[in-house]
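The values are calculated or read from the model by the stated rules, or taken from the named source; none is laboratory data. Bear in mind that the values here come from a model prediction, so they are computed numbers and not experimental data. In this analysis, Cβ positions are derived from the backbone assuming ideal geometry, glycine residues included, and neighbour counts consider all displayed protein chains. These accessible areas exclude ligands, DNA and RNA; they are computed on the full protein's heavy atoms, side chains included. Shrake-Rupley method; radii C 1.70, N 1.55, O 1.52, S 1.80 Å.
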Amino acid sequence: MKRILIASCILGMTLLPSCKGEVSDNEKDLAVATTAPATNNPNKHFIKVALLLDTSNSMDGLIDQAKAQLWEIVNELSYARCKSVQPNLQIALYEYGNDGLPSQEGHIRQVLNFTNDLDEVSKELFSLSTNGGSEYCGQVVQTSLNQLNWGKDGDDLKMVFIAGNEPFTQGTVNYVDAAQDAKEKGVVVNTIFCGDFNQGVHTKWKDGADLTYGDYMAIDHNQRTVHIASPYDDVILQLNLKLNNTYVRYGAIGYAKAEQQAVQDSNAESYGKANAVSRTVSKGSGMYKNTSWDLVDAIEADEDFELEELEEEYLPEELKGKTPEEIKAYVAEQAAVRAEIQKEIQKLNEKRRLFIAEKQKEEGTNGLGNAMLEAIKKQAEKKNYTWER
């Protein structure tokens, strides 16, 4: 069975070179810990984002915002372009400050290596719980720099986002040293203090960002996420049902991954219909890929995908007993249907986006997601990225 290596995702951004520039000589590749390394598509650039979340007792609201705003963030990033090409998105996830994590590792856990599997990101966000704790900001930043493969492409956006509410100075790893390492690797560290802006300044959260030319932001982490309903939501959700029918599972993980897709649809809907629509819009964009289990995405990513090596026991009933030529023809049909559905979703979403923009003038914007997007756009502009709608 042919293995498809999946590029991994999370927050990342280069400091010195621009979208037209060269890579710093100081930048080095690092081995990826605990999971298989990400492989870069040579034809695309990457938005790499490492999200470091404080999961101590007081941070339930922060985790809630991350779960509720994931798809809004993905949707906005889908408009990013580097040299007129949509970059790949990779997200990594860490939790820290949780007393349920090993003390010898600084109460830090890599939840996800860089991955482009957005359903996996959603699943892990919904699995987080709070406990404790001891929040070592410098150490978790340094851990993410050591463990993740940030790559050498000077056009990639490489960004760490760390969110929490205790002093940035805690722990044995000096945040100043971690910041210096980040600069050498071309990674921007952005800090999100959960509380009063001036308190975050006083406890060195702003300094932690300034050292790498990142952004410092303060949010109300207990603010409830506002999802704005639109007249287009019901139609988009109907299109989601049709979209799900175009996925053609394969391989030993195919059935479980298809089931997980449905579970993450439900998780999104648990925050309301409008959030379920945001997830559907993400699924209709180029950011949502499932090459490890869906034949449509796998063949699109690799034209030489070896259909002859597919194991029939893991194929859906409609493909069992079919020749490679018949399977290829069936997948091509599903790809064409999916493209039409995605086009319709995007068309409706443009109307929805304009409707929501007007409402947000009255109701305001969300905490974590808005803070992250503001920083990403600001830093992307420095590297000549554009936003195309």
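So the values come out like this:
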{"read-out": "Shape box of the range 239-385 [Cα atoms, principal axes, largest first, Å]", "value": "57, 36, 25"}
{"read-out": "Amide H partners (placed H, <5 Å) of residue 189, local residues excluded", "value": "160, 212, 214"}
{"read-out": "For the range 226-283, the fraction of alpha-carbon pairs in successive 10 Å shells from zero, as %", "value": "23, 50, 21, 5, 0"}
{"read-out": "Globularity ratio of the range 165-245, using Cα Rg and 2.2 N^0.38 Å", "value": "1.67"}
{"read-out": "Scattering profile of the range 303-362 at q = 0.12, 0.20, 0.28 Å⁻¹ [log10 I(q)/I(0), Debye over alpha-carbon scatterers]", "value": "-0.51, -0.80, -1.11"}
{"read-out": "Value of Rg to Rh for the range 262-331 (Rh from inverse mean 1/r over Cα pairs, i.e. Kirkwood)", "value": "1.09"}
{"read-out": "FRET E, pair residue 105, residue 256, Förster distance 35 Å, beta-carbon r, rounded to 0.05", "value": "0.75"}
{"read-out": "Net charge of Cβ neighbours under 12 Å - reference residue 337; Lys, Arg +1; Asp, Glu -1", "value": "0"}
{"read-out": "Percent accessible area from carbon and sulfur atoms, the chain, protein chains only, probe 1.4 Å", "value": "47 percent"}
{"read-out": "Amide hydrogen neighbours beyond the local backbone of residue 173, cut-off 5 Å, H modeled", "value": "139"}
{"read-out": "Cα pair count fraction exceeding 13 Å, expressed as % - the range 140-179", "value": "61 percent"}
{"read-out": "Antiparallel %, DSSP beta bridges [both residues in the chain], to 5", "value": "35 percent"}
{"read-out": "Average projection area in nm² (convex hull over Cα atoms of the range 69-189, one quarter of hull surface)", "value": "7.9 nm²"}
{"read-out": "Accessible area of the chain divided out per residue, in Å², using a probe of 1.4 angstrom", "value": "43 Å²"}
{"read-out": "Förster radius 30 Å - calculated FRET efficiency between residue 84 and residue 273 (Cβ-Cβ, nearest 0.05)", "value": "0.30"}
{"read-out": "Alpha-carbon Rg/Rh ratio, for the range 88-128, with Rh computed the Kirkwood way", "value": "1.04"}
{"read-out": "Inter-part distance where the range 119-188 and the range 307-357 are each reduced to a Cα centre, Å", "value": "36 Å"}
{"read-out": "For the chain, built as a Gaussian network whose Cα springs stay under 10 Å, the top-fluctuating residue of 88, 113, 349", "value": "349"}
